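As structure tokens, the structure follows; a few thoughts come after it.
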Amino acid sequence: MKEDMANPPFADHLEAFLSDNYKVDGDGQPQQQKEGKLPIIDIGSLVSGGEEEERRRCVDAMERASREWGFFQIKNHGLSDDLFSEMRREKKKIFECSFEKKSSGCERFNKFYSWGAPNATSLHQFSWYEAFHLPVSFISEETETSDDRHRDQKQQFQSLWEVLDRYTTAVSKLAEVLAGALIETKDGSSTMRSDKYFKKDNCFLRLNRYPPCPLSSEIHGLTSHTDSDFLTILWQDEVGGLQLMKDSKWVSVHPHPGALIVNIGDLFQAWSNDVYRSVEHRVMTNAKLERYSVGYFVCPSSDSVVGSCSRKEEETSLYKKFTFGEYKTQVQKDVKNTGNKVGLSRFLLL
Ligand SMILES: O=C(O)CCC(=O)C(=O)O
Ligand SMILES: [Fe+2]
């Protein structure tokens, strides 16, 4: 497959903005870079039942990073290098299909495919990426069922679905351990543990590809956003480009072989009453190299109520109670009407 047939028609959509000499710096975002070191936490003791003291140290480090950064990296998480290599190899297969096939020629997965922002009205709303945003339940279905109607498409990507199924199974267990530990530190009674929060079938796996972008380094791979989920676990390749906001400056998250990135989503921030932070992050483009990443988004079911955790009497909740479904609807409405996500501030108690 020739690459130009696989890539979405980014340049056609950008032409209008670029010829107007549109300046990204004009969007009011802080542009200054900061050198910072995102904590890398060894979670070996947490995943393989280590000494209590070790475990405590690890949870404290995660808790601190969630407050100060909203992000951290983890090593010794138990996912094997082989699994990462297989996922890396297999997911290329789906991106290598023609743009036509990805966007309209394959009924079974076209609805999960997105690229750039075909409706963007300015350069800073545009993202130079393509992605498959797959419900984990869809991946299990593709692996397990023998639905004859989609046999050809299924067979073509059979090994991809199998690897993704193994990946989501492993990462969902990890998510449960991480979220469970972070909840425990805030809430001794762990009200959410047995809840629907960590059900694998409510979660999503997002395969991201950022083609090389030779046009301008001012074009983003993914524009600045916070994640609308509870917790995200991200694998990134060695190319780099992810940046997060810390103390009003952008900090690059340098790739660390074998490490995974964890970030707090909007729902966890609300649940923790703003103790943990869901922070803005974005992806920069690379003129020469393509980049891949895979995000696992921990989401509750749509009817799950998000409220602040059980707190001491004297503390007041910052947020109204809302369901995840209400949150998603509000986000979609704001993006449609204003081009931007307003997010959690919509649900603040005044
Ligand atoms: O590709 C990355 O490094 C980040 C992706 C991301 O933030 C997302 O998919 O929400
Ligand atoms: Fe994100």
Could we say that A287 is crowded, with 23+ Cβ neighbours inside 10 Å, away from ligand 1 (no atom under 12 Å from the Cβ) and over 10 Å from the mean Cα position of the chain (by Cα) here? no
Tell me which residues, restricted to the range 93-111, are touching a helix residue (DSSP H, G or I) at 6+ places or on another chain (Cβ under 9 Å) and among the charged types (D, E, K, R). K93, E96, E100, K101, K102, E107, R108
Go through (1) within 12 Å of ligand 2 (Cβ to nearest atom); (2) under 21 Å from F95 (Cα atoms); (3) crowded, with 20+ Cβ neighbours inside 10 Å and name the single condition C213 misses. (1)
Go through the residues of the range 314-321 one by one and say whether even a single one is in contact with a Phe, Trp or Tyr (Cβ under 7 Å, 6 or more places away or on another chain), surrounded by fewer than 19 Cβ atoms within 10 Å (Cβ to Cβ) and closer than 29 Å to K200 by Cβ. yes
Going through the range 245-268 in order, the residues found to be more than 15 Å from ligand 1 (Cβ to nearest atom), in contact with a Phe, Trp or Tyr (Cβ under 8 Å, 6 or more places away or on another chain) and not basic (K, R) are G258
Considering each of S301, S248 in turn, give the residue that is touching a residue at least 60 places away in the same chain (Cβ under 8 Å), more than 18 Å from the chain's Cα centre (by Cα) and surrounded by fewer than 21 Cβ atoms within 10 Å (Cβ to Cβ). S248
Kindly indicate which of G339, G295, G343 is within 30 Å of T169 (Cβ to Cβ) and not hydrophobic (A, V, I, L, M, F, W, C). G295
If I filter the range 216-234 down to residues being part of a strand (DSSP E or B) and near ligand 1 (Cβ under 9 Å from one of its atoms), which single residue comes out as surrounded by the fewest Cβ atoms within 10 Å (Cβ to Cβ)? H225
Answer yes or no as to whether D237 is farther than 16 Å from P255 by Cα, touching a strand residue (DSSP E or B) at 6+ places or on another chain (Cβ under 9 Å) and not basic (K, R). no
Within the bounds of the range 219-232, is there any residue that is within 15 Å of ligand 2 (Cβ to nearest atom), touching a helix residue (DSSP H, G or I) at 6+ places or on another chain (Cβ under 6 Å), within 23 Å of K200 (Cβ to Cβ) and aliphatic (A, V, I, L, M)? yes
Only one residue in E280, E290 is at pLDDT 95 or above and away from ligand 2 (no atom under 16 Å from the Cβ). Which one? E290
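The values are calculated or read from the model by the stated rules, or taken from the named source; none is laboratory data. Quantities reported herein were computed from a predicted structural model and do not represent experimental measurements. Note that we place each Cβ from the backbone using ideal geometry, even for glycine, and neighbour counts take in every protein chain shown.
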